[in-house]
Amino acid sequence: MSTPVSLLDRVCAAQTANSALRGNDLRKAGRKVAALATRDGCALMAVDDAGERLIAAALLADDAVRTVDTSRRLDDQSVLLVAGFLAGTTGIAQKADLARALGAAHVQATVLGDERVSVHGCDRVTSLNFRPHLVAL
């Protein structure tokens, strides 16, 4: 029987995994995000700090990648929300609501890890099935 995991445990695990995302792991994840965005014609919007780093890596990986300008309307645009490892889905739902309020026609999300989640406001959530290489010191 498995032991229940507390919210604090999930937050700490997500923070540790997001903090370890760098170098080749970050570049690999950035290429995956870029491929999703260009395949689906989406502009990228970060959900969290890890999402900002992933978007930066995606921008470096592919010149065709576009980002969202939240100071402008997103009428009829497709948006891909980008998040790191998750402790919960509230942040994604809030960003999805923002994108919809700005007029986005389609809102998707991508997250690191292998969790299958459903998020209010998102048409689809894709898990990148990504595990960083942790180095013991």
Based on what the data block shows, is residue 29 of a type in the set (A, V, I, L, M), buried (at least 20 other Cβ atoms within 10 Å of the Cβ) and in a loop (DSSP other than H, G, I, E, B)? no
Odd one out for residue 55, checked against (1) closer than 16 Å to residue 31 by Cβ; (2) within 16 Å of the chain's Cα centre (by Cα); (3) surrounded by fewer than 22 Cβ atoms within 10 Å (Cβ to Cβ): (3)
Find the residue count for the stretch 95-116, including only residues that are surrounded by 15 or more Cβ atoms within 10 Å (Cβ to Cβ) and in a helix (DSSP H, G or I). 5
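Kindly evaluate residue 48 against the criterion of being of a type outside the set (A, V, I, L, M), open to solvent by less than 70 Å² (accessible area, probe 1.4 Å) and closer than 24 Å to residue 10 by Cα.
Details: of a type outside the set (A, V, I, L, M): yes; open to solvent by less than 70 Å² (accessible area, probe 1.4 Å): yes; closer than 24 Å to residue 10 by Cα: yes.
Judged against the criteria, residue 48 is a match.
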Taking residue 58, is it in a helix (DSSP H, G or I), in contact (Cβ under 8 Å) with a residue 40 or more places away in the chain, closer than 15 Å to residue 112 by Cα and small (Gly, Ala, Ser)? no
For the stretch 117-133, does any single residue satisfy the condition of being over 14 Å from the mean Cα position of the chain (by Cα), open to solvent by less than 40 Å² (accessible area, probe 1.4 Å) and in contact (Cβ under 8 Å) with a residue 40 or more places away in the chain? yes
The residue that is least open to solvent (accessible area, probe 1.4 Å), considering only those in the stretch 5-26 that are within 19 Å of residue 90 (Cα to Cα) and not in a helix (DSSP H, G or I), is 6
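The values are calculated or read from the model by the stated rules, or taken from the named source; none is laboratory data. All figures in this text were calculated on a predicted structure; none of them were measured in a lab. No Cβ is skipped: glycine too gets one built from the backbone with ideal geometry, and neighbour counts run over all protein chains shown. The protein model used for the area step is the full one, side chains on, heavy atoms only, and it has no ligands, DNA or RNA in it. Shrake-Rupley method; radii C 1.70, N 1.55, O 1.52, S 1.80 Å.
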